[in-house]
Amino acid sequence: MKRRLVILGSTGSIGVQALEIVDANPELFEVIAITAAGTNPDVLIAQAKKYKVATVGVIKNADVIKAALPGVTVVDGANASTEIAAMPCDVVLNAITGSIGLAPTLAAIKAGNQLALANKESLVAGGELVMPLAKENQILPVDSEHSAIWQCLQGNKASDVAKLVLTASGGPFRDREDLSGVTLDEALAHPTWAMGPVVTINSATLMNKGLEIIEAHHLFNLPYSQIDAVIHPQSVVHSMVEYKDGSTIAQASPPNMKGPIALAINFPHRTADATRPIDWSKASTWNFAPIDEKKFPAVALARHCGTVGGALPAIFNAANEVVVDAFMHGKVKFVEIIPTVEAIVAHYEKSSIPALRDLSDVSAIEEDARKATSTHLAKVAS
């Protein structure tokens, strides 16, 4: 029987690659619903027609999409993905970028749907809300690092884990000393991965690795003292688990997101030829090095925010989303991204950090943090 898929964020990088996996394995999957922001309506319409989906969710250009898709149920508005995430299916792939993915994550879990989670911000901003609701193996990680850790943990006892080691490519600037003149095009030129623009910029600042450390804390229920990250420029070893007997288990494959996507949407089965294997007949070198936290302070800042907990990780993430958007629109320099996030975090730490009781708490603190960040940027610019 085919697995019925709901894909949230179908026009983005992860969503498109998931549909390519469906194309290669039509006997395994049936796409029953897709959602997107609607900024690329032609792409969304073409996807809906190709996969003959019954339901489409969209925020923008709903009238255009409805007119182009007679007979298809089009759910429009800010809550479209949340509504569709709860519909009966075999797996929901949450490939939305940003903390707006939190509400759909909660909806999918509450509905009892299996969740292939590519939206790391769900756990960064709301991990304290999400994880208590999730059943064992209900959340299947799609991030390559967390998929790797998940695979390395299979068949082993959690009590035997000494630490998790996430790998980071180091981005385009790992060997560049002066970052003062970094342009948008340079920040978007990732040396090993093809990703969406926001994730690519987060990789360039290593903010992405900071977010992934917080995500790993929630997914695998380990303290931050047992979660490390290292630079691995080749991006072949996706992460490792070190055990208390001194052994380390690593997961390796060429840098391609289709492997972890396919594993998550087809669990517990592996999908044949999801990604090409490593060519062991050729000589290769894999390098590992510690992260220069003076050059890339986002990692230490993320660890701090995660350790404090409560609303601080949501504040941290919201501030970063605003500053990255400002950088993409030429309003701030690359080197100002993380210092701005640090300033916003420090501002909120002057008073007690609130706990998160529900989704409305997360939404409120994020909105406040976004306003505070925008105000800060305006003051700096004036």
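Can you sort 205, 11 from fewest to most other Cβ atoms within 10 Å of each residue's own Cβ?
11, 205
Stretch residue 226-residue 269 to full length: gain in nm at 0.36 nm per residue minus the Cα-Cα span?
Roughly 12.5 nm would be gained on extension.
Compute the label zone of residue 177 within region 205-234: residues whose backbone N is under 12 Å from the point 7 Å along Cα-to-Cβ.
Counting backbone N atoms under 12 Å from the label point, the list is empty.
Considering the chain as a Gaussian network with a 10 Å cut-off on Cα pairs, which listed residue, 325, 279, 160, attains the greatest mean-square fluctuation?
Of 325, 279, 160, the most mobile in the Gaussian network model is 279.
Near residue 299, within a Cβ-to-Cβ distance under 14 Å, what is the net charge of the other residues, with Lys and Arg +1 and Asp and Glu -1?
-2
Would you please state which residues of region 124-165 a label at residue 243 would reach in this model, taking the label point 7 Å out along Cα→Cβ and a backbone N cut-off of under 18 Å?
Output list for this probe position: 148-165.
Neighbouring Cβ atoms within 10 Å as the yardstick, rank 153, 93 fewest first.
Starting with the residue having the fewest Cβ neighbours, the order is 153, 93.
Take the Cα of residue 73, step 7 Å along the line toward its Cβ, and report every residue of region 1-40 whose backbone nitrogen sits under 17 Å from that point.
Hits in region 1-40 for residue 73 at 17 Å: 4-8, 31-36.
Tell me the net charge near residue 118. Cut-off is 15 Å between Cβ atoms, residue 118 excluded, with +1 for each Lys or Arg and -1 for each Asp or Glu.
-4
Of 351, 14, 211, whose Cα points farthest to the positive end of the dipole of the chain (charges on the beta-carbon: +1 Lys, Arg; -1 Asp, Glu; origin at the Cα centre)?
My answer, from the dipole projection, is 14.
Using a Förster distance of 51 Å, how high is the FRET efficiency between residue 138 and residue 285, based on the Cβ-Cβ distance and rounded to 0.05?
Computed FRET efficiency for residue 138 and residue 285: 0.85.
Given axes a ≥ b ≥ c from the Cα gyration tensor, I'd like to know whether region 1-121 is rounded (a/c under 1.5), prolate (a/b larger than b/c) or oblate.
rounded
Using alpha-carbon pairs under 8 Å, 6+ residues apart, how would you state the relative contact order of the chain in percent?
15 percent
Computed FRET efficiency, Cβ-Cβ of residue 328 and residue 66, R0 25 Å: what is it to the nearest 0.05?
The computed FRET efficiency comes out at 0.25.
For region 268-325 and region 95-141, compute the distance between their C-alpha centroids and round to whole Å.
The two parts, judged by their Cα centres, are 18 Å apart.
Got a sec? How would 207, 257, 1 order by Cβ neighbour count within 10 Å, fewest to most?
1, 257, 207
Enumerate the calculated ³J(HN,Hα) couplings along region 215-226 in order (Karplus 6.51 cos²θ - 1.76 cosθ + 1.60, θ = phi - 60°), each rounded to whole Hz, writing x wherever the residue is Gly or Pro.
4, 5, 4, 6, 4, 10, 6, 10, x, 5, 5, 10
So for region 181-324, averaging the separation of alpha carbon pairs under 8 Å that are six or more residues apart and normalising by length, what relative contact order in percent results?
Computed over region 181-324, the figure is 27 percent.
Take the Cβ-Cβ distance between residue 360 and residue 16 as r, set R0 to 30 Å, and report the resulting FRET efficiency rounded to the nearest 0.05.
Here the calculated transfer efficiency is 0.40.
All of the numbers you see were taken from the coordinates with simple rules; none came from a lab. Computed from a predicted model, the values in this text were never measured in an experiment. Neighbour counts run over all protein chains shown; Cβ positions are idealised from the backbone, glycine included.
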